[in-house]
Amino acid sequence: MSIRWKTTKGEFVRQVSSFRNTVSAEPGNPFQPAPDRYHLYVSTACPWAHRTLVVRALKGLEDVLPVSIVDWHLASDKGWHFSDAATTPGAIPDTVNGFAYLHELYFKADPEYSARFTVPVLWDKQLGTVVNNESSEIIRMLNTAFDEWSSAPGLTFYPESLRQQIDDVNAWIYDQINNGVYKTGFATTQDAYERNCKAVFAALARVEDILAESEFLVGSTFTEADIRLFTTMVRFDPVYHTHFKCTSGTVTHDFPNILRWLRRVYQMPKIAATVDMDHIKKHYYVSHIKINPTQVVPLWDGPDLTVPVGEFVPRSQRK
């Protein structure tokens, strides 16, 4: 009923998102901005869904856009399911439709839907349908569409003057790191695994060099590029290094500039609260039985991200 992932000649192939509508005040658009009209369905285990939680928090949209959080355990072909906090701490049930499974949302929006049931999902309570299930587009909507009700109106993670630079960085980081760890971990041939693992670490070395001279990925401005990379890197050592066999190094020991940046982002107000390492680790190690048949969950949570970070000094100016 729902395929976890698929490969072509040993290479992991990510599904293209199906629902691509936009919340905007443009005349004639059926999805107009309004407080409490929309609902966000996420998994705190998923890096793609995690992006939306970060932007939602930083933009102060908690009261504007309520959220449901699926259970961390992706156990069957029915896909993500809902639990309450008593059953699974950190889970929030579907308070809009009362569904037990995420796939019920997809079938309510499109009875003929036949692809995977992915998170995040931006749901329109008024029209009873999915607006969008592409994380990169949802964070753009949250960036501006709800500013009238945001506690941080005008705050943008996609400033017009930096958009080309952000898009350029996003493109190779998505392919080689965000999706690259999946292409490594889900590879089913040695060649596909080695090729993608090498690409991941070449890209990490590129990021390391950028962050040696720059506080963030695009100069001194914290942007959506940082948010998109953060949700992958916070999972890198505790999950992707071991579970996805990205074993050519760790952030903790091999990428000091990435580690400094990771701590800086984690320590920004509201961001740490979006990180649920219990959900993250249990989801990957218990749900991916083909990769980890014993379902044993490692103890390590990765580097201590609460270590204070001093003022940034570019490498070229360090003594």
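The values are calculated or read from the model by the stated rules, or taken from the named source; none is laboratory data. Model, not experiment: these values are computed from the prediction. Neighbour counts are summed over all protein chains in view; Cβ atoms, including those assigned to glycine, are modelled from backbone coordinates with ideal geometry. When the accessible area is computed, the model is the full protein with side chains, heavy atoms only, and any ligands, DNA or RNA have been set aside. Shrake-Rupley method; radii C 1.70, N 1.55, O 1.52, S 1.80 Å.
Per atom type, the chain shows carbon and sulfur on 53% of its accessible surface, probed at 1.4 Å.
Listed values for the stretch 119-126 are Karplus-derived 3J(HN,Hα) couplings in whole Hz (6.51 cos²θ - 1.76 cosθ + 1.60, θ = phi - 60°), namely 10, x, 10, 9, 10, 9, 5, 6, and x replaces Gly and Pro.
Pairs from the list K78/K245; K198/K245; K245/K281 with a Cα-Cα gap above 22 Å: K78/K245. Peptide packing: for 270-276, 102-108, the average count of neighbouring Cβ atoms within 10 Å per residue gives the ranking 102-108, 270-276, highest mean first.
With the other protein chains left in place, how much accessible area per residue, in square angstrom, belongs to the stretch 225-267 at a 1.4 angstrom probe?
Accessible area per residue, the stretch 225-267: 26 Å².
Among W72, W123, W149, the largest mean-square fluctuation in a Gaussian network model of the chain, built with springs joining Cα atoms closer than 10 Å, belongs to W149. Residues whose amide H comes within less than 5 Å of that of L74, counting only those at least five positions distant or on another chain, are S287 (H built at 1.01 Å from N in the peptide plane).
Solvent exposure of the stretch 22-178 amounts to 40 Å² per residue of accessible area, where only protein heavy atoms count and the probe is 1.4 Å. Stretching the chain fully between K198 and T129 yields a gain of 20.7 nm (0.36 nm per residue, less the alpha carbon separation). Packing here is the average count of other Cβ atoms within 10 Å per residue, and on that basis the peptides 91-97, 282-288, 232-238, highest first, run 232-238, 282-288, 91-97. Looking at the chain alone, DSSP beta bridges between its own residues are antiparallel in about 85 percent of cases. When you count the other C-beta atoms within 10 angstrom of each residue and take the mean per peptide, 73-83, 28-38 line up highest first as 73-83, 28-38. Projecting the Cα atoms of G90, G219, G185 onto the charge dipole of the chain (Cβ charges, centred on the Cα centre) puts G185 farthest toward the positive pole.
Find the relative contact order for the stretch 11-152 and round it to a whole percent, using C-alpha pairs within less than 8 Å whose residues are 6+ positions apart.
It rounds to 33 percent for the stretch 11-152.
Taking Lys and Arg as +1 and Asp and Glu as -1, the other residues whose beta-carbon sits under 10 Å from that of R56 total +2.
The relative contact order of the chain, computed from alpha carbon pairs under 8 Å that lie at least 6 residues apart in sequence, is 20 percent. Rounded to the nearest 20 debye, the dipole magnitude of the stretch 44-155 is 200 debye, with +1 charges on Lys and Arg beta carbons, -1 on Asp and Glu beta carbons, and the Cα centre as origin.
Applying the Karplus relation 6.51 cos²θ - 1.76 cosθ + 1.60 with θ = phi - 60° to the stretch 51-60 yields 3J(HN,Hα) values of 3, 5, 5, 5, 5, 4, 5, 5, 7, x Hz, where x marks Gly and Pro.
Just checking the listed ones, V218, V64, V307: in the Gaussian network model of the chain with Cα springs under 10 Å, the one fluctuating most is V307. Give the lysines whose C-alpha is closer than 17 Å to that of K59, dropping any in the same chain fewer than 8 places away, or say none. Leaving aside lysines fewer than 8 places away in the same chain, those within reach of K59 are K270. Remark: relative contact order (the stretch 112-248) = 21 percent; criterion is Cα-Cα distance under 8 angstrom and separation of 6 or more residues.
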